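S.K.: The structure under discussion is supplied below as structure tokens; questions concerning it will follow.
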């Protein structure tokens, strides 16, 4: 549920700002970030930029003691722009191009090696870099197939039996091997999935030996209880003599963000639709993952009816929600699509020459513009 003060502010914002726009409740993000640190007091958290990369959020999280987890050169440089030092950034991902590696020479983050090819390229272009080896635990997890990154057939990491050899290779090539990285997937709600991953690392100890860092990744679902993970996590850290790094993203920001859209028509075919000025270009998750987002009206209307919410793209997949019960609206009324604070704006598209939406932050006292609405001129301005 949204904070009542934030909901009231949203209604005012819907009258003051053009839609669609994203809005985030900083008081909610701050509360989640504090609770996460309290749940894992001996772990060092690195916020996953891919969840929400707005500089205004990153600077606030840095001030709370968070590091940054990045997956691209752009995200690494964004983290640096937000004020993070190289020691406060973990660089993940299966492909690190020569161009990206050379751009970071002399200011290298902690690099997560995803394959032998990745290792050799990093050794050649970032000699002496601090590195982790990403372990693919070869485990199924209870999440959408597109979000399961720790299965043996996925493209991420190296299988456990390959880790000792790659550790030796990294050290032989002059890299500073610090430890292991594990990421099982995203939006995980079962404690058992995490415990099985920790058991894989426990089984590797004899072959790998003590390390400085165990990065146990992210993937914390919104409904996941954190307390059952603390002792197994700390036991694993004691076994290795390691510090634990964690990479929360969605867990911190998803529920604190909404996408506000305006209704520009009611239409009936074999189904009843509300036609919105926001769609898959603003919020891709429903089309990409079949994600379901709660919806609340920012208007008072007539009798409730059941609607599908469709966007403006000429795509059958441009539907943000199905079978939502809402008061019957009038043209121009606004509604809020909830749990949109993660992987919403960061995945926004310019498909169909659609400007990316305005983004606002509610500080508890007023609104702050995190990013203005993109202009049409910016979309085609570099084309001549």
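S.K.: Which one is nearest to the chain's Cα centre (by Cα), of the residues in the stretch 222-250 that are surrounded by fewer than 22 Cβ atoms within 10 Å (Cβ to Cβ), in contact (Cβ under 8 Å) with a residue 60 or more places away in the chain and in a loop (DSSP other than H, G, I, E, B)?
M.R.: 222
S.K.: Examine the stretch 6-26 for a residue that is in contact with a helix residue (DSSP H, G or I) (Cβ under 6 Å, 6 or more places away or on another chain), surrounded by 18 or more Cβ atoms within 10 Å (Cβ to Cβ) and assigned to a helix (DSSP H, G or I), and state whether such a residue exists.
M.R.: No, the stretch 6-26 contains no residue that is in contact with a helix residue (DSSP H, G or I) (Cβ under 6 Å, 6 or more places away or on another chain), surrounded by 18 or more Cβ atoms within 10 Å (Cβ to Cβ) and assigned to a helix (DSSP H, G or I).
S.K.: Being assigned by TED's automatic domain parsing to the domain that holds residue 178 and touching a helix residue (DSSP H, G or I) at 6+ places or on another chain (Cβ under 7 Å) is true for just one of 238, 230. Which residue is that?
M.R.: Just a single option satisfies the conditions, and that option is 230.
S.K.: Quick check, is residue 169 in the same structural domain as residue 71 (by TED's automatic domain parsing), touching a strand residue (DSSP E or B) at 6+ places or on another chain (Cβ under 9 Å), in a helix (DSSP H, G or I) and modelled with pLDDT of 95 or more?
M.R.: For residue 169, the condition - in the same structural domain as residue 71 (by TED's automatic domain parsing), touching a strand residue (DSSP E or B) at 6+ places or on another chain (Cβ under 9 Å), in a helix (DSSP H, G or I) and modelled with pLDDT of 95 or more - is not met.
S.K.: Limited to the stretch 142-162, what total is found for residues that are at pLDDT 65 or above, farther than 15 Å from residue 198 by Cα and part of a helix (DSSP H, G or I)?
M.R.: Final tally of qualifying residues: 2.
S.K.: Kindly indicate whether residue 296 is touching a residue at least 60 places away in the same chain (Cβ under 8 Å), surrounded by fewer than 18 Cβ atoms within 10 Å (Cβ to Cβ) and closer than 29 Å to residue 189 by Cα.
M.R.: Values: touching a residue at least 60 places away in the same chain (Cβ under 8 Å): yes; surrounded by fewer than 18 Cβ atoms within 10 Å (Cβ to Cβ): yes; closer than 29 Å to residue 189 by Cα: yes.
Yes; evaluated as a whole, the condition is true for this residue.
S.K.: Among the residues of the stretch 176-186, is any farther than 18 Å from residue 93 by Cα and crowded, with 19+ Cβ neighbours inside 10 Å?
M.R.: no
S.K.: Still on this structure: Could you list, in sequence order, the residues of the stretch 367-384 that are loosely packed, with under 12 Cβ neighbours inside 10 Å and touching a residue at least 24 places away in the same chain (Cβ under 8 Å)?
M.R.: Answer for the stretch 367-384, where residues must be loosely packed, with under 12 Cβ neighbours inside 10 Å and touching a residue at least 24 places away in the same chain (Cβ under 8 Å): just 380.
S.K.: Considering only the stretch 184-219, how many residues are at pLDDT 95 or above, touching a helix residue (DSSP H, G or I) at 6+ places or on another chain (Cβ under 7 Å) and under 17 Å from residue 45 (Cα atoms)?
M.R.: Of the residues in that region, 2 qualify.
S.K.: Moving to a separate point now. Could you tell me which numbered condition residue 181 fails, if it satisfies all but one of (1) modelled with pLDDT under 95; (2) closer than 19 Å to residue 245 by Cβ; (3) not in a helix (DSSP H, G or I)?
M.R.: Unmet condition: (1).
The values are calculated or read from the model by the stated rules, or taken from the named source; none is laboratory data. Predicted model only: the values in this text are computed from it and were never measured. Positions of Cβ are generated from backbone atoms using ideal geometry, with glycine treated the same way; all protein chains shown enter the neighbour counts.
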